[in-house]
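Report on the following structure.
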Amino acid sequence: MKLYYTPGACSLAVHIALHEVGAAFDSMAVDLTSYTTADGRDYRSIAPRGYVPLLELDDGSRHTEAAALLQYVADLDVSQALIGAPGSSRRLAVLEWLTFVGTELHKVFSPWLWHKETAASTRQTVKDKLAARFAELDARLHRQPFLAGDYSVADAYAFTIISWARLLAIPLDGYPHLTAYLQRVAQRPAVAAALQAEGLQS
Ligand SMILES: N[C@@H](CCC(=O)N[C@@H](CS)C(=O)NCC(=O)O)C(=O)O
């Protein structure tokens, strides 16, 4: 299995999940400014949309979409602790939060972060929407430690995306429970390992 990733991008969530389940995998960094892999290939010949993450399985098949890859990786662990058994309320809750992070956080942040030419008016709209979502998460994380109760792949995804706030100088001071949550997730050995592998933590 090989993960194509860009340091700190949404692919970090999959990187974390691979470490969480103890999977054997290779990784390949991608420069998203030139769409070139670390070994000099044109990334768009591998991933036509030009997006990370991409997971290449041992059978040679290539797969994308962070939420789908997170489900796949979580299922590699026979305990399914990071996602829950099919048909369980735990699994439904994790899928619910994966979808929330993908559609309400990732794709709200994403155009702004990766396309610096985004207009100031759009940035303000994005900020307002994110503020509402952060407030909702802050209230939830006041009541429970992780999004779906126990830690799950949805938390790896949320941690990755919400951490972009720092890159964009969006203060999280007004969300103490969300801030504590980010610290809680960061303390997990798998998260530290993925951050270190991406050169984001010494
Ligand atoms: N729908 C994809 C989107 C992935 C995505 O937005 N990836 C970003 C990095 S976080 C990217 O590769 N952007 C490159 C670009 O916009 O050209 C998913 O959920 O995995």
Förster radius 45 Å - calculated FRET efficiency between K107 and Q201, Cβ distance, rounded to 0.05: 0.95
Under 26 Å from K127, Cα to Cα: lysines that are on another chain or at least 8 residues apart: K107, K116
Shape of the chain, Cα gyration tensor, a/c cut at 1.5: oblate
Taking the range 91-202 and dividing mean pair separation by its residue count, relative contact order in percent (alpha carbons under 8 Å, at least six apart): 29 percent
Cα-projected label distance for K129 with L57, points at 7 Å along beta-carbon direction, nm: 3.2 nm
Inter-label distance, nm, simple model (7 Å from Cα along the C-beta direction), M1/S34: 3.0 nm
Helical segments meeting 18 Å axial Cα length and Kyte-Doolittle -1.0 threshold in the chain (DSSP H): 120-143
R0 of 25 Å, Cβ-Cβ distance E65-A120: FRET efficiency to nearest 0.05: 0.25
Structure-based [θ]222 nm, the chain - -39500 (n - 2.57) summed over DSSP H runs of at least 4, per residue, nearest 500: -15000 deg cm²/dmol
Using a Förster distance of 25 Å, the FRET efficiency for R143-A85 (Cβ separation, nearest 0.05): 0.55
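Since every read-out is calculated from the coordinates, none of them should be taken as a lab result. On a predicted model such as this, the values are computed, not experimentally measured, just so you know. Reconstructed Cβ throughout: ideal geometry from the backbone, glycine too, with neighbour counts over all protein chains shown.
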